[in-house]
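Colleague: My questions all concern the structure below.
None of the figures in this text is laboratory data; all of them are computed from the coordinates on show. From a predicted model like this one, the values you see are computed outputs, not experimental measurements. Cβ placement follows ideal geometry from the backbone for every residue including glycine, while neighbour counts extend to all protein chains displayed.
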Amino acid sequence: MASPEYTILQRLPTPQQYHDLRRLAGLTPPALEAVAKALANSVACFLVFERNQMLDDTTPNPDQAPIGMGRLSGDGSLFLLLTDIAVHPDHRKKGIGKSIMKMLVEYIDEHAPHAYVSLVASLHGQGLYRQYGFEDVKPSIGMSRGWRSNGDR
């Protein structure tokens, strides 16, 4: 882990925690009513907590919000999508994103070593992902079909 003041646990956030951390980290917050199903279908998820607020080494305080997260979705074997790498702005530049990526890559290597792992990277996140073996998919291009900002389809 980046610092002894934090700990990473493999667990899911609540839908509200997920929504709020995405918003705080500058990622598009999804429709809250769709989050529970998405989280339930996760392949793996890692959350970062401040150690000094936890009840013990593996139990966050019931009111404690995660300050970082990273998640994998997909079929769990051949195709994985790395998503939701998010760190609360007050906790950035402390190695938390790198620690999350390390845990996700270790999980992939152990549980889905033959998987094609894809992600969509923001410009400022590309350097982090390249450190873990991710490359541009040229000559392919990324494409998406997703939510509109007002939630309408």
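Colleague: Trypsin sites (Lys or Arg not before Pro), restricted to the stretch 78-123: which are DSSP loop and have at most 15 other Cβ atoms within 10 Å? The partial results should precede the final answer.
Modeller: Details: sites: Arg92, Lys93, Lys94, Lys98, Lys102; in loops: Arg92, Lys93, Lys94.
In loop regions of the stretch 78-123 (DSSP not H, G, I, E or B), the sparsely surrounded trypsin sites (Lys or Arg not before Pro) are Arg92, Lys93.
Colleague: Something else about it: Report, to one decimal in Å, the Kirkwood hydrodynamic radius for the chain based on all distinct Cα pairs. Walk me through the numbers on the way to the answer.
Modeller: Details: mean 1/r = 0.0616 Å⁻¹.
Kirkwood hydrodynamic radius for the chain: 16.2 Å.
Colleague: While we're looking at this one, here's another question. Classify the stretch 19-90 as rounded, prolate or oblate, taking a ≥ b ≥ c as the square roots of the eigenvalues of its Cα gyration tensor: rounded when a/c is under 1.5, otherwise prolate if a/b is larger than b/c and oblate if not.
Modeller: prolate
Colleague: Determine the calculated [θ] at 222 nm for the chain from helices alone, applying -39500 (n - 2.57) to every DSSP H run no shorter than 4 residues and normalising by the residue count; nearest 500 deg cm²/dmol. Kindly include the intermediate steps, with their values, before the conclusion.
Modeller: On the way: 4 runs with 40 residues, N = 153.
Calculated mean residue ellipticity at 222 nm is -7500 deg cm²/dmol.
Colleague: List the GluC sites (Glu not before Pro) in the stretch 1-107 that DSSP assigns to loop (not H, G, I, E or B) and whose Cβ has at most 15 other Cβ atoms within 10 Å. Which are they?
Modeller: On the way: sites: Glu5, Glu33, Glu50, Glu106; in loops: Glu5.
Of the GluC sites (Glu not before Pro), the ones in loops of the stretch 1-107 whose Cβ has at most 15 other Cβ atoms within 10 Å are Glu5.
Colleague: Now, a different point. Could you compute the net charge surrounding Thr59? Neighbours are other residues with a C-beta less than 14 Å from the C-beta of Thr59; K and R count +1, D and E count -1.
Modeller: On the way: positive: Arg11, Arg51; negative: Glu50, Asp56, Asp57, Asp63.
Once all neighbours under 14 Å are counted, the net charge is -2.
Colleague: Rank-order 14-24, 64-74, 108-118 by packing density, defined as the average count of other C-beta atoms within 10 Å over each peptide's residues, highest first. Don't skip to the answer; put the middle values down first.
Modeller: On the way: 14-24: 17.2, 64-74: 21.9, 108-118: 13.3.
Most protected by this proxy first, the peptides run 64-74, 14-24, 108-118.
Colleague: Sort Leu32, Leu81 so the one with the fewest other Cβ atoms within 10 Å of its own Cβ comes first. It would help to have the intermediate numbers written out before the result.
Modeller: On the way: Leu32 13, Leu81 17.
Exposure proxy ranking, most exposed first: Leu32, Leu81.
Colleague: Show me the chymotrypsin sites (Phe, Trp or Tyr not before Pro) within the stretch 44-91 that DSSP assigns to loop and that have at most 15 other Cβ atoms within 10 Å of their Cβ.
Modeller: none
Colleague: Could you give the length gained by full extension between Glu110 and Asp56, i.e. 0.36 nm per residue of separation minus their alpha carbon distance, to one decimal place?
Modeller: On the way: separation 54, 0.36 × 54 = 19.44 nm, distance 2.71 nm.
So the extension gain works out to 16.7 nm.
Colleague: Right, something else. With labels modelled as points extended 7 Å from the Cα through the Cβ direction, what inter-label distance (nm, one decimal) is found for Leu32 paired with Thr14?
Modeller: In this crude label model, Leu32 to Thr14 measures out at 1.1 nm.
Colleague: Give me the net charge for the shell around Ala36: Cβ to Cβ below 15 angstrom, other residues only, Lys and Arg +1, Asp and Glu -1.
Modeller: Values: positive: Arg11, Arg22, Lys37, Arg71; negative: Asp20, Glu33, Asp84.
With Lys, Arg at +1 and Asp, Glu at -1, the neighbours total +1.
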